[in-house]
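The values are calculated or read from the model by the stated rules, or taken from the named source; none is laboratory data. Just so you know, these numbers come straight off a predicted model, no measurement behind them. Please note: Cβ atoms are built from the backbone with ideal geometry, for glycine as well, and neighbour counts cover all protein chains shown. These area figures cover heavy atoms from the full protein model, side chains too; ligands, DNA and RNA do not enter into them. Shrake-Rupley method; radii C 1.70, N 1.55, O 1.52, S 1.80 Å.
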Amino acid sequence: MRKKVIAGNWKMNLTLEEGVSLASEVVNIAKDELTSDVTMVLCTPAIHMAAVSKLTAEVANVHVGAQNISEHESGAYTGDISADMALSTGAEFVIIGHSERREYHFETNAQLAARVELALAKGLTPLFCCGESLETREAGDHVSFVTKQLEESLYQLSAEQMEKVVIAYEPIWAIGTGVTASTEQAQEMHKSIREALASKFGAEVAEKISILYGGSMKPGNAPELLAQPDVDGGLIGGASLKSRDFIDIAKSY
Ligand code: PGA
């Protein structure tokens, strides 16, 4: 059985006070209502991680994640946070290679490869993001584009390392736009990601890897997306800022 993961990406939203209040709502509702074996992750701004970790420590299936880490261990990298810093707050996961970071911070596949390796070496679970632009999809190149992202950032891993990575397929055209990939588009891509992983790491490894869908996932469209055989969860932006919506997505499994 693959792990079901519902991760919230708060992006650059909420003051510390607002973030703590949202996290405590999520934790309280999760305690009362979450009966399934879903792993929930709150990927908060770095500023919030320590305080939110104290709250999530009260429930077994809600965890904290960072939105990024440096590929360097420590040193003169103003503004960055290290894997050790993230771990020291109680974070257990880290988003790597979100399309907004690839676009606005020019993160390269090679840099992301180094971050994935460092995260794994330190014991953080990488939530590795991939996904194509609208232009790439319209040109019919989405499968090869995403496969290249996987090749250049993940194929250097051993099978043992790869099993610990969670993948998030996030078509850029569906992020924050209200346009969701159709269930067929999501399933097609998730299946092709799993096939690519199977050809590189073996079918047994590929079967164990959770592949999340991200891009305008909401309580209304989550049940259908999550019912697809190769969709193992979601990476949720906008809807993760509302405790009710976020929990309802997790409950739709
Ligand atoms: P969205 O964001 O749910 O607001 O589309 C998803 C993401 O960027 O991870």
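If exposed means no more than 12 neighbouring beta carbons inside 10 Å and the site is in a DSSP loop, what's the longest run of the chain without any exposed GluC sites (Glu not before Pro)? Longest gap between qualifying sites, sites excluded: 74-253. Residues in the range 76-114 near a label at residue 158, defined as backbone nitrogen under 20 Å from the 7 Å Cα→Cβ point? The answer is 113-114, whose backbone nitrogens lie closer than 20 Å to the label point. Across the range 1-150, the relative contact order, built from alpha-carbon pairs under 8 Å that are at least six residues apart, equals 18 percent.
Computing FRET efficiency as 1/(1 + (r/R0)^6) for residue 144 and residue 242, where r is the C-beta to C-beta distance and R0 is 51 Å, gives about 0.90.
Taken over the C-alpha atoms, the range 117-186 has Rg and Dmax values of 13.8, 39 angstrom.
When only Cα pairs below 8 angstrom with a gap of at least 6 residues are kept, the range 115-208 shows a relative contact order of 31 percent. Shape analysis of the range 1-46 places it in the oblate category; the axes a ≥ b ≥ c from the Cα gyration tensor give an a/c of at least 1.5, with a/b not above b/c. Over 20 Å apart at the Cα level, from the set 31/242; 164/200; 4/218; 208/242, are 208/242. The fraction of Cα-Cα pairs per 5 angstrom bin, counted from 0 for the chain, comes to 1, 7, 15, 19, 21, 18, 12, 6, 1, 0 percent, rounded to whole percents. Counting protein heavy atoms only, the chain has 53 percent of its accessible area on carbon and sulfur, 1.4 angstrom probe.
When every Cα-Cα distance of the range 96-228 is counted in 10 angstrom steps from zero, the calculated P(r) takes the values 12, 45, 35, 8 percent. Taking only the C-alpha atoms of the range 78-139, Rg followed by Dmax gives 13.2, 44 Å.
For the range 1-126, the solvent-accessible area works out to 47 Å² per residue, with a probe of 1.4 Å and every protein chain left in place. Between 229, 171, 155, the Cα set farthest toward the positive side of the dipole of the chain (charges on each charged residue's Cβ, about the Cα centre) is that of 229.
In a reduced charge model with +1 at each Lys and Arg Cβ and -1 at each Asp and Glu Cβ, the chain shows a dipole moment near 340 debye about its Cα centre.
Rounded to the nearest 10 square angstrom, residue 155 shows an accessible area of 50 square angstrom against a 1.4 Å probe.
In whole angstrom, the range 1-82 maps to an equivalent ellipsoid with semi-axes of 25, 16, 10, each derived as √(5λ) from the alpha carbon gyration tensor and ordered largest first. Between residue 31 and residue 182, the modelled label-to-label distance comes to 4.4 nm, taking each label 7 Å out from Cα in the direction of the beta carbon.
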